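S.K.: Got a structure for you, written out below as C-alpha coordinates; questions coming shortly.
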Amino acid sequence: MRPVSIIGIGCTKFGERWDSSLRDLIAETGIMAIEDAGVSGEEIDALYVGNMSAGRFVEQEHIGALIADCAGLSRLHIPSTRVEAACASGGLALRQAMLSVASGYQDIVIAAGVEKMTDVSSGAAADALAAAADREWECFLGATFPALYAMMARLHMRRYGTTQEELAEVAVKNHRHGSMNPLAQYRMEVTVDDVLSSPMVADPLHILDCSPITDGAAAVVLAPAERARRYAEVPIRIIGSAQASDTLALHDRRDLTTLDATVHAARKAYDQAGIAPSEIDLAEVHDCFTIAEILAIEDLGFFEKGAGGSAIEDGLTSLDGPLPINTSGGLKACGHPVGATGIKQAYEIVLQLRGEAGSRQVDDAEIGLAHNVGGSGGTAIVHILSR
Amino acid sequence: MMTMKTRAPRFWRCIPQRYNLIGTHCAACDEYYFPPRNICPNCRRDARIEEYKFKGTGTVITHTTIYSATEDFERQTPYNLAIIELDEGPRLTGQVVAPPGEVKIGMHVRPVFRILGKEGERGIIYYGTKFIPVEG
(Lines give C-alpha, C1' and ligand atoms only; values in the text may rest on other atoms or scores of the structure.)
Protein backbone atom coordinates (compact mmCIF):
# COMPACT_ATOMS: atom_id res chain seq x y z
CA MET A 1 0.00 0.00 0.00
CA ARG A 2 1.29 3.46 -0.88
CA PRO A 3 0.59 6.74 0.96
CA VAL A 4 -2.34 8.83 -0.30
CA SER A 5 -2.92 12.59 -0.18
CA ILE A 6 -5.88 14.90 -0.62
CA ILE A 7 -5.02 17.43 -3.34
CA GLY A 8 -8.33 19.21 -3.85
CA ILE A 9 -11.55 19.93 -1.97
CA GLY A 10 -15.00 21.35 -2.60
CA CYS A 11 -18.17 21.81 -0.59
CA THR A 12 -21.49 23.45 -1.42
CA LYS A 13 -23.39 25.74 0.88
CA PHE A 14 -25.42 23.46 3.17
CA GLY A 15 -29.08 24.16 3.86
CA GLU A 16 -32.53 24.01 2.39
CA ARG A 17 -31.42 24.44 -1.21
CA TRP A 18 -34.86 24.69 -2.81
CA ASP A 19 -33.38 26.14 -6.00
CA SER A 20 -30.92 23.27 -6.48
CA SER A 21 -31.47 19.65 -7.48
CA LEU A 22 -29.26 16.71 -6.55
CA ARG A 23 -27.69 17.10 -9.99
CA ASP A 24 -26.99 20.79 -9.43
CA LEU A 25 -25.37 20.11 -6.06
CA ILE A 26 -23.05 17.42 -7.37
CA ALA A 27 -22.00 19.50 -10.38
CA GLU A 28 -21.34 22.51 -8.12
CA THR A 29 -19.11 20.63 -5.69
CA GLY A 30 -17.38 18.52 -8.37
CA ILE A 31 -16.24 21.60 -10.24
CA MET A 32 -14.94 23.19 -7.03
CA ALA A 33 -12.87 20.14 -6.08
CA ILE A 34 -11.47 19.56 -9.57
CA GLU A 35 -10.53 23.24 -9.93
CA ASP A 36 -8.99 23.29 -6.47
CA ALA A 37 -6.82 20.29 -7.38
CA GLY A 38 -6.06 21.58 -10.86
CA VAL A 39 -6.59 18.18 -12.47
CA SER A 40 -8.04 17.71 -15.94
CA GLY A 41 -10.93 15.35 -16.66
CA GLU A 42 -8.62 13.04 -18.61
CA GLU A 43 -6.49 12.48 -15.51
CA ILE A 44 -9.37 11.20 -13.37
CA ASP A 45 -9.29 7.42 -13.00
CA ALA A 46 -12.40 6.83 -10.91
CA LEU A 47 -15.25 8.39 -8.93
CA TYR A 48 -16.82 7.19 -5.71
CA VAL A 49 -19.96 8.84 -4.37
CA GLY A 50 -21.54 8.42 -0.98
CA ASN A 51 -25.30 8.67 -1.08
CA MET A 52 -27.70 7.15 1.38
CA SER A 53 -31.11 7.25 -0.19
CA ALA A 54 -31.65 9.18 -3.41
CA GLY A 55 -34.25 6.50 -4.15
CA ARG A 56 -36.38 7.71 -1.26
CA PHE A 57 -35.47 11.40 -1.33
CA VAL A 58 -35.63 12.12 -5.08
CA GLU A 59 -36.74 8.76 -6.50
CA GLN A 60 -33.47 8.36 -8.35
CA GLU A 61 -31.06 5.43 -8.12
CA HIS A 62 -27.98 4.72 -10.25
CA ILE A 63 -26.22 7.70 -8.70
CA GLY A 64 -22.74 6.57 -9.79
CA ALA A 65 -23.35 7.08 -13.49
CA LEU A 66 -25.49 10.15 -12.78
CA ILE A 67 -22.74 12.06 -10.99
CA ALA A 68 -20.18 11.31 -13.70
CA ASP A 69 -22.73 12.55 -16.22
CA CYS A 70 -23.56 15.71 -14.24
CA ALA A 71 -19.88 16.46 -13.70
CA GLY A 72 -19.44 16.53 -17.49
CA LEU A 73 -17.35 13.36 -17.53
CA SER A 74 -19.69 11.00 -19.41
CA ARG A 75 -17.63 11.01 -22.61
CA LEU A 76 -14.54 9.89 -20.69
CA HIS A 77 -16.39 6.77 -19.50
CA ILE A 78 -14.75 6.95 -16.06
CA PRO A 79 -15.86 4.19 -13.66
CA SER A 80 -18.18 5.73 -11.08
CA THR A 81 -19.45 3.86 -8.05
CA ARG A 82 -22.07 4.74 -5.47
CA VAL A 83 -21.41 3.44 -1.97
CA GLU A 84 -23.88 3.32 0.90
CA ALA A 85 -23.51 2.98 4.65
CA ALA A 86 -26.43 5.18 5.75
CA CYS A 87 -25.10 8.41 7.33
CA ALA A 88 -21.54 7.08 6.93
CA SER A 89 -21.86 6.84 3.13
CA GLY A 90 -19.56 9.84 2.63
CA GLY A 91 -16.84 8.46 4.89
CA LEU A 92 -17.14 5.15 3.08
CA ALA A 93 -16.73 6.85 -0.32
CA LEU A 94 -13.55 8.50 0.94
CA ARG A 95 -12.27 5.19 2.24
CA GLN A 96 -13.02 3.32 -1.01
CA ALA A 97 -11.30 6.06 -3.02
CA MET A 98 -8.33 5.97 -0.66
CA LEU A 99 -8.04 2.18 -0.97
CA SER A 100 -8.10 2.33 -4.76
CA VAL A 101 -5.23 4.85 -4.81
CA ALA A 102 -3.30 3.15 -1.98
CA SER A 103 -3.45 -0.16 -3.81
CA GLY A 104 -1.70 1.37 -6.80
CA TYR A 105 -4.54 0.42 -9.10
CA GLN A 106 -5.68 3.99 -9.69
CA ASP A 107 -4.00 7.38 -9.34
CA ILE A 108 -6.37 10.35 -9.40
CA VAL A 109 -9.66 9.45 -7.74
CA ILE A 110 -12.54 11.65 -6.60
CA ALA A 111 -14.55 10.89 -3.48
CA ALA A 112 -17.84 12.76 -3.33
CA GLY A 113 -20.96 12.72 -1.23
CA VAL A 114 -24.41 14.13 -1.88
CA GLU A 115 -27.87 14.14 -0.39
CA LYS A 116 -30.89 16.12 -1.51
CA MET A 117 -33.34 15.77 1.38
CA THR A 118 -35.84 18.64 1.17
CA ASP A 119 -37.81 17.49 -1.89
CA VAL A 120 -39.95 15.31 0.41
CA SER A 121 -41.97 16.19 3.53
CA SER A 122 -40.13 16.05 6.84
CA GLY A 123 -42.16 12.96 7.78
CA ALA A 124 -41.09 11.18 4.61
CA ALA A 125 -37.49 12.26 5.22
CA ALA A 126 -37.64 10.91 8.78
CA ASP A 127 -38.93 7.61 7.45
CA ALA A 128 -36.18 7.41 4.82
CA LEU A 129 -33.60 8.04 7.55
CA ALA A 130 -35.22 5.41 9.76
CA ALA A 131 -34.17 2.85 7.14
CA ALA A 132 -30.66 3.17 8.58
CA ALA A 133 -31.95 1.49 11.74
CA ASP A 134 -33.38 -2.03 11.85
CA ARG A 135 -36.61 -1.66 9.88
CA GLU A 136 -38.11 -4.96 11.00
CA TRP A 137 -37.21 -4.93 14.68
CA GLU A 138 -36.83 -1.25 15.59
CA CYS A 139 -38.78 1.00 13.19
CA PHE A 140 -41.69 -1.42 12.79
CA LEU A 141 -42.26 -1.11 16.53
CA GLY A 142 -42.26 2.70 16.34
CA ALA A 143 -38.58 3.58 16.75
CA THR A 144 -37.25 6.79 15.22
CA PHE A 145 -33.62 7.91 15.05
CA PRO A 146 -33.99 10.52 17.79
CA ALA A 147 -35.63 7.81 19.93
CA LEU A 148 -32.67 5.44 19.58
CA TYR A 149 -30.19 8.16 20.56
CA ALA A 150 -32.56 9.32 23.32
CA MET A 151 -32.38 5.83 24.82
CA MET A 152 -28.56 5.99 24.73
CA ALA A 153 -28.74 9.44 26.35
CA ARG A 154 -31.08 8.25 29.09
CA LEU A 155 -28.71 5.45 30.07
CA HIS A 156 -25.62 7.69 29.85
CA MET A 157 -27.34 10.17 32.17
CA ARG A 158 -28.26 7.42 34.60
CA ARG A 159 -24.81 5.81 34.67
CA TYR A 160 -22.53 8.83 34.52
CA GLY A 161 -24.65 11.71 35.75
CA THR A 162 -24.61 13.43 32.37
CA THR A 163 -27.16 16.27 32.40
CA GLN A 164 -29.53 17.78 29.85
CA GLU A 165 -27.56 21.02 30.25
CA GLU A 166 -24.36 19.22 29.17
CA LEU A 167 -26.19 17.81 26.15
CA ALA A 168 -27.40 21.32 25.34
CA GLU A 169 -23.83 22.66 25.57
CA VAL A 170 -22.93 20.51 22.55
CA ALA A 171 -25.54 22.34 20.49
CA VAL A 172 -24.49 25.73 21.90
CA LYS A 173 -20.84 25.11 20.98
CA ASN A 174 -21.58 23.74 17.52
CA HIS A 175 -23.90 26.63 16.69
CA ARG A 176 -21.17 29.04 17.83
CA HIS A 177 -18.70 27.27 15.51
CA GLY A 178 -21.29 27.19 12.72
CA SER A 179 -21.79 30.95 13.02
CA MET A 180 -18.21 31.29 11.78
CA ASN A 181 -18.69 28.92 8.81
CA PRO A 182 -20.11 30.57 5.68
CA LEU A 183 -21.20 27.15 4.35
CA ALA A 184 -23.18 26.22 7.48
CA GLN A 185 -26.94 25.73 7.37
CA TYR A 186 -27.42 27.58 10.69
CA ARG A 187 -25.33 30.65 11.38
CA MET A 188 -27.23 31.76 14.46
CA GLU A 189 -26.06 31.09 17.99
CA VAL A 190 -28.29 29.36 20.53
CA THR A 191 -28.25 29.27 24.34
CA VAL A 192 -28.71 26.38 26.76
CA ASP A 193 -32.15 27.82 27.55
CA ASP A 194 -33.05 27.86 23.85
CA VAL A 195 -32.20 24.15 23.60
CA LEU A 196 -33.99 23.15 26.79
CA SER A 197 -37.12 25.13 25.91
CA SER A 198 -37.32 23.84 22.34
CA PRO A 199 -39.98 21.18 21.65
CA MET A 200 -39.28 17.67 22.90
CA VAL A 201 -38.71 15.14 20.10
CA ALA A 202 -37.84 12.02 22.08
CA ASP A 203 -37.29 12.54 25.78
CA PRO A 204 -34.62 13.70 26.83
CA LEU A 205 -33.74 15.05 23.34
CA HIS A 206 -35.24 18.36 22.22
CA ILE A 207 -35.44 19.51 18.62
CA LEU A 208 -32.26 21.60 19.18
CA ASP A 209 -30.44 18.41 20.27
CA CYS A 210 -30.99 17.05 16.74
CA SER A 211 -29.15 17.67 13.48
CA PRO A 212 -31.38 19.06 10.72
CA ILE A 213 -32.60 17.88 7.32
CA THR A 214 -30.14 19.33 4.80
CA ASP A 215 -29.30 19.52 1.11
CA GLY A 216 -25.63 19.55 0.24
CA ALA A 217 -22.67 17.94 -1.48
CA ALA A 218 -18.92 17.78 -0.98
CA ALA A 219 -15.98 16.29 -2.87
CA VAL A 220 -12.27 15.67 -2.40
CA VAL A 221 -9.62 14.65 -4.92
CA LEU A 222 -7.04 12.02 -3.99
CA ALA A 223 -3.61 11.27 -5.48
CA PRO A 224 -0.58 9.17 -4.57
CA ALA A 225 1.38 11.18 -1.98
CA GLU A 226 4.53 11.13 -4.15
CA ARG A 227 2.68 13.00 -6.90
CA ALA A 228 0.61 15.27 -4.65
CA ARG A 229 2.97 18.27 -4.75
CA ARG A 230 2.42 18.57 -8.48
CA TYR A 231 -1.18 19.54 -7.77
CA ALA A 232 -1.34 21.03 -4.30
CA GLU A 233 0.74 23.58 -2.43
CA VAL A 234 -0.18 21.92 0.87
CA PRO A 235 -1.17 18.31 0.20
CA ILE A 236 -2.86 16.66 3.17
CA ARG A 237 -1.78 13.08 3.86
CA ILE A 238 -4.29 10.39 4.91
CA ILE A 239 -2.29 8.70 7.66
CA GLY A 240 -5.08 6.52 9.03
CA SER A 241 -8.28 5.08 7.55
CA ALA A 242 -10.41 2.45 9.23
CA GLN A 243 -13.93 1.13 9.17
CA ALA A 244 -15.78 -1.13 11.60
CA SER A 245 -19.24 -2.69 11.86
CA ASP A 246 -21.57 -3.66 14.68
CA THR A 247 -25.10 -5.00 15.05
CA LEU A 248 -27.68 -3.07 13.06
CA ALA A 249 -30.12 -2.88 15.97
CA LEU A 250 -29.18 -0.84 19.01
CA HIS A 251 -30.72 -3.38 21.40
CA ASP A 252 -28.23 -6.07 20.31
CA ARG A 253 -25.12 -4.05 21.26
CA ARG A 254 -22.66 -5.12 23.94
CA ASP A 255 -23.07 -1.74 25.66
CA LEU A 256 -25.73 0.89 24.95
CA THR A 257 -23.52 3.83 25.91
CA THR A 258 -20.52 2.89 23.75
CA LEU A 259 -20.32 2.69 19.98
CA ASP A 260 -18.01 -0.32 19.69
CA ALA A 261 -17.68 0.31 15.95
CA THR A 262 -16.17 3.72 16.75
CA VAL A 263 -13.82 2.21 19.34
CA HIS A 264 -12.57 -0.43 16.89
CA ALA A 265 -12.23 1.89 13.89
CA ALA A 266 -10.42 4.48 15.99
CA ARG A 267 -7.99 1.95 17.42
CA LYS A 268 -7.08 0.72 13.93
CA ALA A 269 -6.72 4.24 12.58
CA TYR A 270 -4.48 5.34 15.48
CA ASP A 271 -2.35 2.21 14.92
CA GLN A 272 -1.92 2.96 11.23
CA ALA A 273 -1.05 6.57 11.95
CA GLY A 274 1.29 5.57 14.77
CA ILE A 275 -0.17 8.19 17.08
CA ALA A 276 -2.14 8.43 20.32
CA PRO A 277 -5.51 10.21 20.68
CA SER A 278 -3.72 12.96 22.61
CA GLU A 279 -1.80 13.91 19.44
CA ILE A 280 -4.97 14.92 17.57
CA ASP A 281 -5.22 18.72 17.20
CA LEU A 282 -8.86 18.89 16.10
CA ALA A 283 -11.67 16.55 15.11
CA GLU A 284 -14.91 16.49 13.22
CA VAL A 285 -17.14 13.94 14.96
CA HIS A 286 -20.57 12.57 14.12
CA ASP A 287 -22.94 14.70 16.24
CA CYS A 288 -26.23 13.67 14.62
CA PHE A 289 -27.61 14.26 18.13
CA THR A 290 -25.93 16.05 21.02
CA ILE A 291 -25.49 12.76 22.92
CA ALA A 292 -23.70 11.35 19.87
CA GLU A 293 -20.88 13.90 20.23
CA ILE A 294 -20.47 13.00 23.91
CA LEU A 295 -20.28 9.29 23.04
CA ALA A 296 -17.89 10.02 20.16
CA ILE A 297 -15.31 11.99 22.14
CA GLU A 298 -15.29 9.20 24.72
CA ASP A 299 -15.18 6.32 22.24
CA LEU A 300 -12.43 8.02 20.19
CA GLY A 301 -10.28 8.03 23.32
CA PHE A 302 -10.21 11.80 23.90
CA PHE A 303 -11.95 11.56 27.28
CA GLU A 304 -12.74 8.79 29.77
CA LYS A 305 -16.12 7.04 29.43
CA GLY A 306 -18.61 9.19 31.28
CA ALA A 307 -16.46 12.34 31.20
CA GLY A 308 -17.64 13.63 27.80
CA GLY A 309 -20.44 15.81 29.10
CA SER A 310 -18.32 17.68 31.61
CA ALA A 311 -15.49 18.06 29.05
CA ILE A 312 -17.88 19.93 26.78
CA GLU A 313 -19.35 22.03 29.59
CA ASP A 314 -15.79 22.95 30.67
CA GLY A 315 -15.04 24.24 27.16
CA LEU A 316 -12.32 21.68 26.45
CA THR A 317 -13.73 21.05 22.98
CA SER A 318 -14.47 24.67 22.02
CA LEU A 319 -12.56 26.48 19.30
CA ASP A 320 -10.33 28.12 21.92
CA GLY A 321 -10.01 24.94 23.99
CA PRO A 322 -7.23 22.31 23.90
CA LEU A 323 -9.13 19.98 21.50
CA PRO A 324 -11.57 21.82 19.21
CA ILE A 325 -14.37 19.50 18.09
CA ASN A 326 -16.63 20.21 15.11
CA THR A 327 -15.18 23.55 14.02
CA SER A 328 -17.45 23.37 10.95
CA GLY A 329 -20.48 23.54 13.23
CA GLY A 330 -20.78 19.76 13.05
CA LEU A 331 -23.85 17.98 11.80
CA LYS A 332 -25.83 20.06 14.29
CA ALA A 333 -25.20 23.54 12.85
CA CYS A 334 -23.39 23.00 9.55
CA GLY A 335 -26.15 20.56 8.58
CA HIS A 336 -26.40 16.86 7.81
CA PRO A 337 -26.99 15.94 4.17
CA VAL A 338 -26.39 12.33 5.15
CA GLY A 339 -24.38 11.07 2.16
CA ALA A 340 -22.28 14.24 2.04
CA THR A 341 -21.43 14.53 5.74
CA GLY A 342 -18.39 12.24 5.76
CA ILE A 343 -16.81 14.15 2.88
CA LYS A 344 -17.65 17.53 4.44
CA GLN A 345 -15.84 16.41 7.59
CA ALA A 346 -12.69 15.68 5.54
CA TYR A 347 -13.18 19.02 3.74
CA GLU A 348 -13.20 20.88 7.07
CA ILE A 349 -10.11 19.07 8.38
CA VAL A 350 -8.20 19.75 5.14
CA LEU A 351 -9.23 23.42 5.28
CA GLN A 352 -7.95 23.65 8.87
CA LEU A 353 -4.69 21.84 8.16
CA ARG A 354 -4.06 24.11 5.18
CA GLY A 355 -4.69 27.11 7.41
CA GLU A 356 -7.60 28.34 5.30
CA ALA A 357 -10.42 28.17 7.86
CA GLY A 358 -10.73 31.93 8.36
CA SER A 359 -12.22 33.16 11.65
CA ARG A 360 -12.60 29.60 12.96
CA GLN A 361 -8.97 28.63 12.19
CA VAL A 362 -7.33 26.38 14.82
CA ASP A 363 -3.78 27.60 15.48
CA ASP A 364 -0.92 25.32 14.39
CA ALA A 365 -3.20 22.45 13.41
CA GLU A 366 -1.05 19.53 12.23
CA ILE A 367 -3.20 16.41 12.69
CA GLY A 368 -6.99 16.15 12.42
CA LEU A 369 -9.50 13.33 12.74
CA ALA A 370 -12.83 12.75 10.97
CA HIS A 371 -15.38 10.38 12.49
CA ASN A 372 -18.46 9.31 10.55
CA VAL A 373 -21.20 6.99 11.88
CA GLY A 374 -23.87 5.05 10.03
CA GLY A 375 -27.20 4.47 11.76
CA SER A 376 -27.07 4.14 15.52
CA GLY A 377 -23.53 2.74 15.26
CA GLY A 378 -23.77 -0.19 12.83
CA THR A 379 -20.91 1.40 10.88
CA ALA A 380 -18.14 3.75 11.98
CA ILE A 381 -15.40 5.20 9.81
CA VAL A 382 -12.39 7.11 11.09
CA HIS A 383 -9.86 9.02 9.01
CA ILE A 384 -6.76 10.72 10.36
CA LEU A 385 -5.26 13.48 8.22
CA SER A 386 -1.91 15.19 8.57
CA ARG A 387 -0.17 18.17 7.03
CA MET B 1 -45.90 10.83 -2.30
CA MET B 2 -43.77 7.91 -1.25
CA THR B 3 -46.54 6.02 0.55
CA MET B 4 -45.55 2.44 -0.04
CA LYS B 5 -48.26 -0.15 -0.07
CA THR B 6 -46.79 -3.28 1.38
CA ARG B 7 -48.03 -6.71 0.36
CA ALA B 8 -49.21 -9.15 3.00
CA PRO B 9 -46.36 -11.72 2.89
CA ARG B 10 -43.96 -9.28 4.54
CA PHE B 11 -46.11 -9.31 7.67
CA TRP B 12 -47.48 -12.83 7.35
CA ARG B 13 -44.05 -14.47 7.48
CA CYS B 14 -43.27 -12.70 10.78
CA ILE B 15 -46.47 -13.74 12.57
CA PRO B 16 -44.80 -16.34 14.84
CA GLN B 17 -42.25 -13.80 16.07
CA ARG B 18 -44.48 -10.74 16.26
CA TYR B 19 -47.59 -12.39 17.76
CA ASN B 20 -46.08 -15.08 19.92
CA LEU B 21 -42.45 -14.06 20.52
CA ILE B 22 -41.08 -17.22 18.91
CA GLY B 23 -37.30 -17.00 18.75
CA THR B 24 -34.45 -19.49 18.77
CA HIS B 25 -32.13 -21.12 21.27
CA CYS B 26 -28.69 -22.55 20.52
CA ALA B 27 -28.39 -25.82 22.42
CA ALA B 28 -24.62 -25.80 21.86
CA CYS B 29 -23.89 -22.59 23.80
CA ASP B 30 -27.26 -22.12 25.59
CA GLU B 31 -27.79 -18.62 24.15
CA TYR B 32 -31.31 -17.36 23.31
CA TYR B 33 -32.09 -15.25 20.24
CA PHE B 34 -34.92 -12.85 19.58
CA PRO B 35 -35.62 -12.08 16.78
CA PRO B 36 -34.67 -15.62 15.80
CA ARG B 37 -31.19 -16.19 14.43
CA ASN B 38 -30.50 -19.32 12.47
CA ILE B 39 -26.77 -18.69 12.51
CA CYS B 40 -25.44 -18.56 16.08
CA PRO B 41 -22.68 -15.89 16.23
CA ASN B 42 -21.00 -17.84 19.05
CA CYS B 43 -20.95 -21.28 17.41
CA ARG B 44 -21.53 -20.55 13.71
CA ARG B 45 -21.19 -23.94 11.96
CA ASP B 46 -21.22 -25.87 15.22
CA ALA B 47 -24.52 -24.39 16.38
CA ARG B 48 -27.55 -26.49 17.36
CA ILE B 49 -30.47 -24.13 16.77
CA GLU B 50 -33.98 -24.95 18.05
CA GLU B 51 -37.21 -22.96 18.17
CA TYR B 52 -38.08 -21.32 21.49
CA LYS B 53 -41.17 -19.42 22.67
CA PHE B 54 -40.16 -16.60 24.99
CA LYS B 55 -42.18 -15.94 28.15
CA GLY B 56 -42.23 -12.28 27.18
CA THR B 57 -41.58 -10.94 30.66
CA GLY B 58 -38.58 -8.69 31.03
CA THR B 59 -36.98 -5.53 32.39
CA VAL B 60 -36.72 -2.02 30.96
CA ILE B 61 -33.04 -1.27 30.23
CA THR B 62 -33.60 2.23 28.84
CA HIS B 63 -36.55 4.14 27.41
CA THR B 64 -37.84 7.31 25.79
CA THR B 65 -41.14 9.00 25.07
CA ILE B 66 -41.58 9.90 21.41
CA TYR B 67 -43.33 13.19 20.66
CA SER B 68 -42.40 13.45 16.98
CA ALA B 69 -42.68 10.24 14.95
CA THR B 70 -42.48 8.98 11.41
CA GLU B 71 -45.67 9.28 9.32
CA ASP B 72 -46.94 5.80 10.20
CA PHE B 73 -46.81 6.51 13.95
CA GLU B 74 -47.61 10.25 14.04
CA ARG B 75 -51.19 9.63 15.22
CA GLN B 76 -49.96 7.62 18.24
CA THR B 77 -47.74 10.32 19.77
CA PRO B 78 -46.75 10.62 22.52
CA TYR B 79 -45.82 6.98 23.07
CA ASN B 80 -43.13 5.18 25.05
CA LEU B 81 -40.41 3.11 23.46
CA ALA B 82 -38.00 0.96 25.44
CA ILE B 83 -35.21 -1.54 25.13
CA ILE B 84 -36.37 -4.52 27.13
CA GLU B 85 -34.24 -7.39 28.36
CA LEU B 86 -36.30 -10.57 28.26
CA ASP B 87 -35.90 -12.86 31.27
CA GLU B 88 -34.09 -15.40 29.05
CA GLY B 89 -31.44 -12.81 28.10
CA PRO B 90 -31.99 -11.28 24.68
CA ARG B 91 -32.97 -7.64 24.27
CA LEU B 92 -35.59 -6.16 21.99
CA THR B 93 -37.14 -2.80 21.18
CA GLY B 94 -40.82 -2.34 21.94
CA GLN B 95 -43.51 0.06 23.08
CA VAL B 96 -44.50 0.25 26.72
CA VAL B 97 -48.17 1.15 27.16
CA ALA B 98 -48.20 3.59 30.09
CA PRO B 99 -48.60 7.33 30.62
CA PRO B 100 -45.42 9.30 29.71
CA GLY B 101 -43.23 9.66 32.75
CA GLU B 102 -44.32 6.40 34.34
CA VAL B 103 -41.79 4.17 32.58
CA LYS B 104 -38.61 3.70 34.61
CA ILE B 105 -35.30 1.95 34.08
CA GLY B 106 -35.48 -1.41 35.87
CA MET B 107 -39.29 -1.65 35.60
CA HIS B 108 -40.70 -5.16 35.02
CA VAL B 109 -42.97 -5.57 32.02
CA ARG B 110 -45.11 -8.25 30.41
CA PRO B 111 -46.32 -8.65 26.82
CA VAL B 112 -49.73 -7.71 25.40
CA PHE B 113 -51.10 -8.32 21.91
CA ARG B 114 -51.89 -5.00 20.20
CA ILE B 115 -52.40 -3.29 16.85
CA LEU B 116 -49.00 -1.83 15.93
CA GLY B 117 -50.15 0.24 12.97
CA LYS B 118 -52.17 0.43 9.81
CA GLU B 119 -51.40 1.58 6.31
CA GLY B 120 -54.07 4.22 5.68
CA GLU B 121 -57.83 3.58 5.54
CA ARG B 122 -57.77 0.52 3.29
CA GLY B 123 -54.26 -0.84 3.81
CA ILE B 124 -52.97 -3.67 5.96
CA ILE B 125 -53.54 -3.55 9.71
CA TYR B 126 -50.59 -5.08 11.45
CA TYR B 127 -50.45 -6.56 14.89
CA GLY B 128 -47.71 -7.47 17.29
CA THR B 129 -46.45 -7.32 20.83
CA LYS B 130 -46.33 -4.30 23.11
CA PHE B 131 -45.51 -4.34 26.80
CA ILE B 132 -47.23 -3.13 29.96
CA PRO B 133 -45.79 -2.60 33.45
CA VAL B 134 -46.16 -5.52 35.84
CA GLU B 135 -47.93 -4.36 39.01
CA GLY B 136 -46.04 -4.52 42.29
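The values are calculated or read from the model by the stated rules, or taken from the named source; none is laboratory data. Just so it is clear, the structure is predicted and the values come from calculations on it, not from any experiment. Cβ: placed from backbone, ideal geometry, glycine included. Neighbour counts: every protein chain shown. Side chains are part of the model used for accessible areas, which takes the heavy atoms of the whole protein and leaves out ligands, DNA and RNA. Shrake-Rupley method; radii C 1.70, N 1.55, O 1.52, S 1.80 Å.
S.K.: List, in the order given, every pair from B:Lys55/B:Lys130; A:Lys13/A:Lys116; A:Lys116/A:Lys173 whose Cα-Cα distance in the structure shown is over 18 Å.
M.R.: Among B:Lys55/B:Lys130; A:Lys13/A:Lys116; A:Lys116/A:Lys173, the Cα-Cα distance tops 18 Å for A:Lys116/A:Lys173.
S.K.: Moving to a separate point now. Over chain A, what is the relative contact order in whole percent, taking alpha-carbon pairs under 8 Å and six or more residues apart?
M.R.: Normalised by residue count, the contact order of chain A is 26 percent.
S.K.: Of all accessible surface on the range B:56-136 at a 1.4 Å probe, what whole percent is carbon and sulfur?
M.R.: Answer for the range B:56-136 is 51 percent, counting heavy atoms of protein chains only.
S.K.: Quote the FRET efficiency, to the nearest 0.05, computed for B:Tyr19 versus B:Gln76 with a Förster distance R0 of 22 Å and r equal to the Cβ-Cβ distance.
M.R.: About 0.65, to the nearest 0.05.
S.K.: Return, in residue-number order, each cysteine of the protein assembly as shown whose C-beta is not under 4.7 Å from any other cysteine's C-beta.
M.R.: That list is A:Cys11, A:Cys70, A:Cys87, A:Cys139, A:Cys210, A:Cys288, A:Cys334, B:Cys14, B:Cys29.
S.K.: Just to confirm the number: angle between the C-alpha axis of helix A:260-273 and the first principal axis of chain A, 0 to 90 degrees, nearest 10?
M.R.: So the inclination is approximately 40 degrees.
S.K.: Using per-residue counts of other Cβ atoms within 10 Å, averaged over each peptide, order B:38-44, A:127-133 from highest down.
M.R.: A:127-133, B:38-44
S.K.: Can you list which of the GluC sites (Glu not before Pro) found in the range A:47-96 are DSSP loop residues with at most 14 other C-beta atoms within 10 Å?
M.R.: A:Glu59, A:Glu61
S.K.: Another question about this same structure. How high is the relative contact order of the range A:1-78, in percent, counting Cα pairs under 8 Å that sit 6 or more residues apart?
M.R.: It comes to 33 percent, rounded to a whole number.
S.K.: Can you put A:Ser328, A:Ser74 in order of accessible area, largest first, using a 1.4 Å probe?
M.R.: Largest to smallest exposure gives the sequence A:Ser74, A:Ser328.
S.K.: Here's another thing I want to ask about it. Just to be sure I understand: if you take the accessible area of chain B alone plus chain A alone and subtract the pair, with a 1.4 Å probe, what total do you get in Å², rounded to 100?
M.R.: That pair hides around 3100 Å² of surface in total.
S.K.: Would you work out the relative contact order for chain B, in percent, from Cα pairs under 8 angstrom that are 6 or more residues apart?
M.R.: For chain B, the relative contact order is 21 percent.
S.K.: So, in nm, how far is label A:Glu165 from label B:Val97 when the simple model puts each one 7 Å beyond its Cα toward the Cβ?
M.R.: Between A:Glu165 and B:Val97, the label points sit 4.0 nm apart.
S.K.: Please give the average number of partner chain Cβ atoms lying within 10 Å of the Cβ of each residue in A:240-251, rounded to a whole number.
M.R.: Per residue, the average neighbour count from other chains is 2.
S.K.: Right, here's the next one. With loop defined by DSSP as not H, G, I, E or B, and exposure as at most 16 other Cβ atoms within 10 Å, which is the longest segment of chain A clear of exposed chymotrypsin sites (Phe, Trp or Tyr not before Pro)?
M.R.: Of all site-free stretches, the longest is A:106-387.
S.K.: Continuing with this model, one more query. So which trypsin sites (Lys or Arg not before Pro) in the range B:83-136 end up in coil per DSSP with only 16 or fewer other C-beta atoms within 10 Å?
M.R.: Qualifying residues, ordered by number: B:Lys104, B:Arg122.
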